[in-house]
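A.B. asks: Quick one: the structure is below, questions incoming.
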Amino acid sequence: MTLEANLSVGTVAKRANVAISALHFYEKKGLIRSWRNQGNQRRYKRDVLRRIAVIKAAQKMGITLEEIKETLGKLPEKRTPTKQDWELMSRHWQRQLDEKIAYMQRVRDYVDGCIGCGCLSMTKCPMYNPEDTLANVDKGAVLLEHPDINL
């Protein structure tokens, strides 16, 4: 292995613009891998930089670390994510983002009224839930989770 492929934690942190503690955190979560040299110092392969870039991009899109780990877990560990890998990951995440966007739009639309939680405490709720009939459908903010329900 060449020296350039044997990156120190400080080099990776600086190059990826993340704190060293973030690298340790990502490693603990199974998102990246390192090994120890003879001096017991962490070392990384250069492809970790691309993995970190993917992690950071996905986080900015609102993708959870667990979802990122699951998606990265489908890649062969020793291979750097390619352009084609990114296209597959982003398509998968786009579907998730579409669902989150739709949910946030429902929150926006219902934020000043009832969301079907069953609390029965609102006197001017436009979607009043008499006798908590929505309890038969689901728990929590039922109308946000099931937008197809009409009261």
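Every number here is computed from the coordinates shown, using simple stated rules; none is lab data. Worth saying up front: this structure is predicted, and the values here are computed from it rather than measured. Heads up, the Cβs are rebuilt from the backbone with ideal geometry, glycines too, and the neighbour counts pull from every protein chain shown.
A.B. asks: When the convex hull of the C-alpha atoms of region 3-109 is computed, what volume per residue in Å³ does it have?
C.D. replies: Numbers: hull volume 11.4 nm³, N = 107.
It comes to 107 Å³ per residue, whole-number rounded.
A.B. asks: Ranked from highest to lowest mean number of other Cβ atoms within 10 Å per residue, what is the order of the peptides 44-55, 132-143? Mind dumping the intermediate values first?
C.D. replies: Numbers: 44-55: 19.2, 132-143: 15.3.
Ranking the peptides 44-55, 132-143 by packing returns 44-55, 132-143.
A.B. asks: How high is the FRET efficiency from residue 83 to residue 149, r the C-beta distance, R0 35 Å, rounded to 0.05?
C.D. replies: 0.25
A.B. asks: Then there's this: Here are some pairs, 56/83; 14/100; 45/74; 29/139; 69/139; 28/69; which of them have Cα atoms lying more than 22 Å apart in this structure? Intermediate values should be presented prior to the final figure.
C.D. replies: Numbers: 56/83 16 Å; 14/100 33 Å; 45/74 19 Å; 29/139 31 Å; 69/139 29 Å; 28/69 11 Å.
Going by Cα-Cα distance, 14/100; 29/139; 69/139 fall outside the 22 Å limit.
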